[in-house]
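**Q** After the structure tokens below, expect a handful of questions from me.
The values are calculated or read from the model by the stated rules, or taken from the named source; none is laboratory data. From a predicted model like this one, the values you see are computed outputs, not experimental measurements. Here the Cβ positions follow ideal geometry from the backbone for every residue, glycine too, while neighbour counts run over all protein chains shown. SASA here: full protein model, heavy atoms, side chains in, ligands and nucleic acids out. Shrake-Rupley method; radii C 1.70, N 1.55, O 1.52, S 1.80 Å.
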Amino acid sequence: MHALLPQALDLAKQARALCPPNPAVGCIIASPEGVVLGQGHTQPTGGPHAEVMALRDAERLGHDTRGATAYVTLEPCSHHGRTGPCCDALIAASIRRVVACIADPNPLVQGEGFARLRAAGIEVEVGELADESRELNIGFFSRMIRALPWVRLKTAASLDGKTALLDGTSQWITSEAARTDGHAWRSRAGALLTGVGTVLEDDPRLDVRLAPSVGQKVRQPPLVVIDSRLQTPPAARIFEAERPIWIYAAAPDAAKQAALEAAGADVRCIANADGKVDLAAMLRDLARREVNELHVEAGHKLNGSLIREGLVDELLVYLAPKLIGDGLGIASRAFGDGPLTELAAALPLEFRSVDRIGPDLRIVARVAGRGDFGS
């Protein structure tokens, strides 16, 4: 294994909360002897990509990059987007070799970056730690390949699977450590999603407050609200944070829409045949809005609808060492109007990780077979 590629992946992880909708990429420039000359990761939208940051770092330190190797976690881009092509920057710096984890799934790149580098006489190696790089940017791969965001549903429950008491009380089932960790997952998302029921019942802020800022201003992801009848109060606390608010409704109401737009919301009507918000169409629209990862924090009804329609890719579950007994569960009527009649109908999941977060457990479970695209 190339020793510097894992370090480049560590750099990429530092960019996850900064760079959406761009992929999180890390780059290390090293001499032929393996001495690190410069390093960097993707900056916030519109800022330099990882390769340019690494080249600038080398220049700042007074290092000559001619004949050096660039270790990068994703194929250098070859198109003009918000910034110029990274492959051109590497060529101009007289890099001799590029070692990359994986090709860029963006149709505007998809091997063109590697081709441009090779055409310039630069040696290119691809494939090491490809799975790790894809996993790091699973939402970006999802949007580029499926034209859908990666949907991650977060919930907090007792050990017996209850998310609230029968009267809806849920604060707080899990610990402060778990809540802080949950904000870190919020911070990496392209958008947060909730339902109007949560807005009306809890009046939450649903912003990023507890996650570390990595030395920069915390990025507040857009908030998406599923609100079929436009019941969201214009004075709700969700409007307190500086971020886009996207409300999806099922039927137009000019007066309510005007009031919500005056509060700062963008309202769109996307209805299904049942007169509710078409959740699948909403996801396609979010992909067009460049949302890579959609982080869901909603009530059991919306959770159940998303799961029942096969729209959830991954579950992020915090389990507290408590027993509640009678209460509300993770997803009410997830598969229809009644309980399952056979175990074969259960949704198959794959555990991705199980970790202790303070006194609680954090479980990441993926719908079986999801995330295999691009492998």
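**Q** When DSSP assigns beta bridges and you keep just the ones with both residues in the chain, what percent turn out antiparallel, to the nearest 5?
**A** Details: 26 of 61 bridges.
Rounded to the nearest five, the antiparallel share is 45 percent.
**Q** Then there is this: Run lengths n ≥ 4 of DSSP H only: what is the helix-derived mean residue ellipticity at 222 nm for the chain, with -39500 (n - 2.57) per run over all residues, to the nearest 500?
**A** Working: 11 runs with 100 residues, N = 375.
After summing the helix terms and dividing by the residues of the chain, the value is -7500 deg cm²/dmol.
**Q** Taking 0.36 nm per residue of separation and subtracting the Cα-Cα distance, what length does fully extending Arg308 through Arg56 add?
**A** That pair, Arg308 and Arg56, stretches by 85.8 nm at full extension.
**Q** Could you give the length gained by full extension between Trp172 and Glu123, i.e. 0.36 nm per residue of separation minus their alpha carbon distance, to one decimal place? Write down the numbers at each step before the final one.
**A** Working: separation 49, 0.36 × 49 = 17.64 nm, distance 5.48 nm.
Result for the pair: 12.2 nm of gain on full extension.
**Q** Using a Förster distance of 51 angstrom, determine the FRET efficiency expected from the C-beta separation of Asp274 and Arg96, and round it to 0.05.
**A** Values: r = 60 Å, r/R0 = 1.18.
E(calc), rounded to 0.05, equals 0.25.
**Q** Follow-up. Which three extents, in whole angstrom, do the alpha-carbon atoms of the chain cover along their principal axes, largest first?
**A** Computed over the Cα atoms, the extents are 66, 46, 37 Å.
**Q** Let me ask you something else. Would you please state which residues of the range 266-283 a label at Ala147 would reach in this model, taking the label point 7 Å out along Cα→Cβ and a backbone N cut-off of under 15 Å?
**A** Residues 280-283 qualify, since their backbone N sits under 15 Å from the label point.
**Q** What spacing in nm lies between the two simple spin-label points modelled at Phe351 and Ala281, each 7 Å away from Cα in the Cβ direction?
**A** 4.1
**Q** Determine, at each q value in 0.17, 0.22, 0.25, 0.27 (inverse angstroms), the log₁₀ of I(q)/I(0) that the Debye formula gives when each Cα of the range 192-255 is one equal point scatterer.
**A** Log10 of I(q)/I(0), two decimals: -0.60, -0.90, -1.10, -1.23.
**Q** Also: Would you work out the relative contact order for the range 1-109, in percent, from Cα pairs under 8 angstrom that are 6 or more residues apart? Spell out each step's value before the answer.
**A** Details: 241 pairs, mean separation 25.2, N = 109.
Once normalised by length, the contact order is 23 percent.
**Q** With +1 on the Cβ of every Lys and Arg and -1 on the Cβ of every Asp and Glu, and nothing else charged, how large is the dipole of the range 1-143 about its Cα centre, in debye rounded to the nearest 20?
**A** Working: 12 positive and 16 negative charges, 68 e Å.
In total the dipole reaches around 320 debye.
**Q** Just to verify a number: FRET efficiency for Leu343 and Gln14, C-beta to C-beta distance, R0 = 45 Å, to 0.05?
**A** Details: r = 43 Å, r/R0 = 0.95.
E(calc), rounded to 0.05, equals 0.60.
**Q** Taking only the alpha-carbon atoms of the range 8-114, what semi-axes of the equivalent ellipsoid follow from 5 times the gyration tensor eigenvalues under a square root, in whole Å, largest first?
**A** Working: eigenvalues 80, 45, 30 Å².
Values for the range 8-114, descending: 20, 15, 12 Å.
**Q** If you bin the C-alpha pair distances of the range 1-57 every 10 Å from 0, what whole percents do you get?
**A** 29, 52, 18, 2
**Q** Now a separate question. Pop out the carbon and sulfur fraction of the accessible area of the chain as a percent, whole number, probe 1.4 Å. Working shown, then result.
**A** Numbers: 8640 of 16830 Å².
Carbon and sulfur atoms account for 51 percent of the accessible area of the chain.
**Q** Of Pro348, Ser175, Val364, whose Cα points farthest to the positive end of the dipole of the chain (charges on the beta-carbon: +1 Lys, Arg; -1 Asp, Glu; origin at the Cα centre)?
**A** Sorting the options by dipole projection puts first Ser175.
**Q** Convert each backbone phi in the range 229-234 into a coupling constant with the Karplus relation 6.51 cos²θ - 1.76 cosθ + 1.60 (shift: θ = phi - 60°), then list the ³J(HN,Hα) values in order as whole Hz, x for Gly and Pro.
**A** Ordered by residue, 3J(HN,Hα) equals 10, 6, 9, 4, x, x Hz.
**Q** Same structure, new question: Past 30 Å, Cα to Cα, is the threshold; run Lys13/Lys276; Lys154/Lys217; Lys256/Lys322; Lys154/Lys322 against it and keep the listed order.
**A** Values: Lys13/Lys276 38 Å; Lys154/Lys217 24 Å; Lys256/Lys322 42 Å; Lys154/Lys322 18 Å.
Listed pairs above 30 Å: Lys13/Lys276; Lys256/Lys322.
**Q** I would also like to ask the following. Among 313-322, 255-264, how do they line up by average Cβ neighbours within 10 Å per residue, starting with the highest? Walk me through the intermediate numbers first.
**A** Details: 313-322: 19.4, 255-264: 14.8.
Highest to lowest by the protection proxy: 313-322, 255-264.
**Q** Using a 1.4 Å probe, what is the accessible area per residue for the range 100-204, in Å²?
**A** The answer is 40 Å² per residue.
**Q** Please list, ordered by chain and number, the residues whose modelled amide H lies under 5 Å from the amide H of Ala271; skip anything fewer than 5 residues away on the same chain.
**A** When sequence neighbours closer than 5 places are left aside, the close amide H contacts are Asp278.
**Q** So what's the range 94-249 giving for Cα Rg divided by 2.2 N^0.38 Å, two decimals?
**A** Working: Rg = 20.8 Å, N = 156, 2.2 N^0.38 = 15.0 Å.
Rounded to two decimals, the normalised Rg is 1.39.
**Q** Something else: With a point put 7 Å past each Cα toward its Cβ, work out how far Gln231 is from Leu210 in nm, to one decimal.
**A** Modelled inter-label distance: 2.7 nm.
**Q** How much area per residue is accessible in the range 1-55 when the probe is 1.4 Å and only protein heavy atoms are counted (Å²)? Let's see the in-between values first.
**A** Working: 1950 Å² over 55 residues.
I get 35 Å² per residue for this part.
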